[in-house]
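The numbers here are math on the coordinates, done by the rules we state, and not lab data. Just so it is clear, the structure is predicted and the values come from calculations on it, not from any experiment. Heads up, the Cβs are rebuilt from the backbone with ideal geometry, glycines too, and the neighbour counts pull from every protein chain shown.
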Amino acid sequence: MVSSNKWKRFLHVSYLGRVEPEELQRGLEDMKRLLEDLPPDIRLLVDFSRLEFMATACAAEIGLAMEMIDQHGVSLVVRVIPDSTKDIGMNILSIFHYTHRPRIVTCENMAEAVKVLEI
């Protein structure tokens, strides 16, 4: 699920339940459309708190999403990952797909994330 707030320069990506590559492929179109309406230098919140399972094959689509966001311009990436076993290698993916090197913060819960994002 992808949503945005233009005035706050904010993009929110949330993963729910079981996630397969086909779902992420469809979500990339939504993300592209939302990014077109956002100014550059956005803040990104990625929420894994309701993720049950993500197929390892999703890494390719996650990489494409990171590149799309990086090309648009992102200054801050905040990830909510309460269960470290559900981290599919986001730090490694970030090295290869965020060429502009935004600040990246991983939080255990949404309350921490909100403080970091200052929203």
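Take the Cα of Arg26, step 7 Å toward its Cβ, do the same at Ile119, and the gap between the two points is 2.3 nm. Counting only whole DSSP H helices of the chain, there are none at least 18 Å long by C-alpha along their axis and with mean Kyte-Doolittle hydropathy no lower than 1.0. The equivalent ellipsoid that matches the C-alpha gyration tensor of region 1-54 spans semi-axes of 22, 13, 6 angstrom, in descending order. Computed on the Cα atoms alone, the convex hull of the chain gives a volume of 86 cubic angstrom per residue.
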